[in-house]
1. Report, by residue number, each residue of region 159-188 that is surrounded by 12 or more Cβ atoms within 10 Å (Cβ to Cβ) and basic (Lys, Arg).
2. Does region 155-200 hold any residues that are of a type in the set (D, E, K, R), modelled with pLDDT under 75 and more than 35 Å from the chain's Cα centre (by Cα), and which are they?
Amino acid sequence: MLSAADIVIRLLLAAVLGAVVGIERERHEWAAGLRTHMLVCVGAALAIIVSAFGFRDVLGTSAVVLDPSRIAAQVISGIGFLGAGTIIFLERENVIHGLTTAAGLWVVAAVGLAVGAGMYLAAGVATAIAWITLAAIKPLERRYLARPGKVRILATLDAGADLQAIQSILAADGQIPQKLTLRRHADADEVELLLTRGIEPARLAQLSAALRAIPGLRAIEVQR
């Protein structure tokens, strides 16, 4: 049986390692931040401690077999429900956010299991790798692996304004909208355009300037 000091050390270490990963998520204001990662890591550590050492008093009973891996397996599968709650599908932008945070929670749960099992080296190395992946690799990914993404244009024009001018400007730039949505109101028309071809920042600025010169344009918003 673990001593009281060992139990306290393992739970505190789990909280610290969970916080290391959670701080990076907290900086970006994700739903699962510092406290969430700490709680997941501590909970996982407590689960494996209970699983491995909490039933020692009944091991002498006939037909009783201890399998510490059962609770650990349930932690790994159960964390999926919490991870799913951090994943957000934005229908307007047709994109999914939160997959990295969900993966981070899954890793933190595994770190907690490792700490609870006394595998401090594995837990420390896994935490370092997770932190480097989340914090250090992201700038490199943006710098060297980023690809021009979709562009969404939201324009508000006077009612009855010539919409052909927008299409002419896009055609001159070689852009063919994948989706065009027109919403007519009493005194204005709202046009939403989705461009799938990548546009470099300089070209996007020129395209925005050309669109702002359209007669009857009240407001325009360009989103990448």
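1. Lys179
2. Answer for region 155-200, where residues must be of a type in the set (D, E, K, R), modelled with pLDDT under 75 and more than 35 Å from the chain's Cα centre (by Cα): just Asp162.
The values are calculated or read from the model by the stated rules, or taken from the named source; none is laboratory data. Note that this is a predicted model, so its numbers are computed, not measured. Positions of Cβ are backbone-derived with ideal geometry, glycine not excepted, and every protein chain shown enters the neighbour counts.
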